[in-house]
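Quick notes on the structure that follows.
The values are calculated or read from the model by the stated rules, or taken from the named source; none is laboratory data. Predicted model only: the values in this text are computed from it and were never measured. Cβ: placed from backbone, ideal geometry, glycine included. Neighbour counts: every protein chain shown. Ligands, DNA and RNA are stripped out before the accessible areas are found, and what is left, the full protein with its side chains, is counted by its heavy atoms. Shrake-Rupley method; radii C 1.70, N 1.55, O 1.52, S 1.80 Å.
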Amino acid sequence: MKQTKVYVGIDVAKAHLDVAWEQTHWRLSNDPNGHRALVKRLEKTGAPSIHVICEASGGYERALLLALARGGIDFSLIQASRVRQYARACGLLAKTDAIDAQLLARFGQAIAPPPSKALPPAQRQLRELEDHRRHLVRLLVAEQNRRAQLSNKTLLRLNTRLSVQLRKQIAQVEALLAASIEQNEELSAKARKLTAIVGVGARTATLLLAQMPELGELNRRQAAALAGLAPFNRDSGSLTGKRAIFGGRRAVRCGLYMAALVAARRNPILAPFYQRLRQAGKPPKLALTATMRKLLIVLNSALKTDPLPA
């Protein structure tokens with residue numbers, strides 16, 4: 001008898017989980033007790049293969065996914081926009097937690113997304129630190145921009161103190177990031193390969209290791225699409241539209257932009273590439289985007305060249 005896969009939708013909130021399986025729905029707490037109860041209940045269903053579908057929920061889903069991985073249950077983490085577009089295509093406009101859970105189960109049944117991989121502990125820690133560093137940098141930039149609008153002396157002093165404190169915290173987090181990479185043989189080997197390419201510094205390498213761990217396991221098209229640097233056609237009938245990049249991981253794309261600015265001037269391979277595009281009449285932004293894509297492909301290839309240490 002052919003085995004069938006059962007898709008279970010889980011709508012994740014801060015305090016609870018709404019679970020939908022076939023025609024049943026139940027709610028559990030979003031805490032270790034709730035996660036253990038969920039895994040046990042899924043194991044008792046008797047289904048030959050279970051695949052959980054849930055949306056990214058601002059980090060509230062991380063502990064759940066870790067519990068599923070430990071229980072040996074497949075899961076897929078889906079962008080919320082994809083699920084919402086699927087709901088509109090189905091004519092489903094209502095939105096509640098229970099409906100969303102049922103919708104996620106239907107999405108899994110219709111689309112059959114590939115299972116997501118659970119990150120190893122070192123990778124999870126690196127991503128958490130890198131996320132926090134970017135958060136602190138955004139706060140610092142906001143305070144620096146706000147300072148230009150202040151005239152009160154007390155507020156200016158408070159602004160200065162906060163900016164100093166933010167810089168100290170950023171330095172502390174960067175030290176933790178460097179230590180996390182140095183203490184992990186695989187991550188440190190990858191970091192050395194990435195920083196060996198002109199234009200890629202320690203911060204860009206850290207960003208890529210944290211936010212794009214798949215680098216080195218993808219082909220060139222997959223790498224470009226994952227970073228949001230793949231140009232997509234916009235053609236219809238006799239109309240040939242302008243190709244444009246879309247989607248992808250914004251943090252990676254922003255980091256590659258800064259690296260490409262340096263590479264377009266100093267990298268012995270990418271600088272001539274950028275100049276050829278400009279001489280061919282390509283606009284600066286288009287040429288720089290193409291350089292970003294080329295840089296990402298070079299980085300992806302660099303991690304494929306030699307086997308990493310066991």
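Taking the criterion of being in contact with a Gly (Cβ under 8 Å, 6 or more places away or on another chain) and either farther than 16 Å from SER301 by Cα or charged (D, E, K, R) (or both), the only residue of region 212-228 that qualifies is GLY228.
So, of the residues in region 210-227 that are in a helix (DSSP H, G or I) and in contact (Cβ under 8 Å) with a residue 60 or more places away in the chain, which turns out to be most open to solvent (accessible area, probe 1.4 Å)? I'd like the intermediate steps shown before the answer.
Kept after step one, since they are in a helix (DSSP H, G or I), are these residues of region 210-227: 210-211, 220-226.
Okay, now just the ones that are also in contact (Cβ under 8 Å) with a residue 60 or more places away in the chain, so 210-211, 220, 223-224.
Details: ALA210: 0, GLN211: 24, ARG220: 140, ALA223: 0, ALA224: 7 Å².
Among them, the one singled out is ARG220.
In this structure, LEU207 does satisfy being under 18 Å from the mean Cα position of the chain (by Cα) and either open to solvent by 40 Å² or more (accessible area, probe 1.4 Å) or closer than 19 Å to LEU299 by Cα (or both). For region 233-256, the candidate set comprises residues that are of a type outside the set (Lys, Arg) and surrounded by 17 or more Cβ atoms within 10 Å (Cβ to Cβ); within that set, the residue that is nearest to ILE297 (Cα to Cα) is LEU256.
Selection of region 155-198 for residues being closer than 23 Å to ALA259 by Cα, touching a residue at least 60 places away in the same chain (Cβ under 8 Å) and either open to solvent by 60 Å² or more (accessible area, probe 1.4 Å) or in a helix (DSSP H, G or I) (or both) yields GLU186, LEU187, ALA189, LYS190, LYS193, LEU194, ALA196, VAL198. The single condition from (1) closer than 20 Å to SER81 by Cβ; (2) at pLDDT 95 or above that HIS35 fails is (1). Please work out if ALA230 is open to solvent by less than 40 Å² (accessible area, probe 1.4 Å), closer than 19 Å to THR204 by Cα and small (Gly, Ala, Ser). Judged against the criteria, ALA230 is not a match.
Being more than 18 Å from GLY199 (Cα to Cα), in contact (Cβ under 8 Å) with a residue 40 or more places away in the chain and among the small types (Gly, Ala, Ser): is that true of ALA251 here? No: the conditions fail for ALA251. For region 21-100, the strands (runs of 3 or more DSSP E) that sit wholly inside it and include 3 or more residues that are more than 17 Å from the chain's Cα centre (by Cα) are 24-29, 49-55. Residue selection: ALA142 fails the criterion of being at pLDDT 95 or above, closer than 20 Å to ARG249 by Cβ and either within 23 Å of the chain's Cα centre (by Cα) or of a type outside the set (Phe, Trp, Tyr) (or both).
If you go through region 274-301 and keep only what is open to solvent by 60 Å² or more (accessible area, probe 1.4 Å) and among the aliphatic types (A, V, I, L, M), you end up with ALA280, LEU286. The residue pairs whose first member lies in region 38-53 and is in contact (Cβ under 8 Å) with a residue 40 or more places away in the chain and open to solvent by 40 Å² or more (accessible area, probe 1.4 Å), whose second member is in a strand (DSSP E or B) and among the charged types (D, E, K, R), and whose beta carbons are closer than 9 Å, counting only pairs six or more residues apart or on different chains, are PRO48/LYS5.
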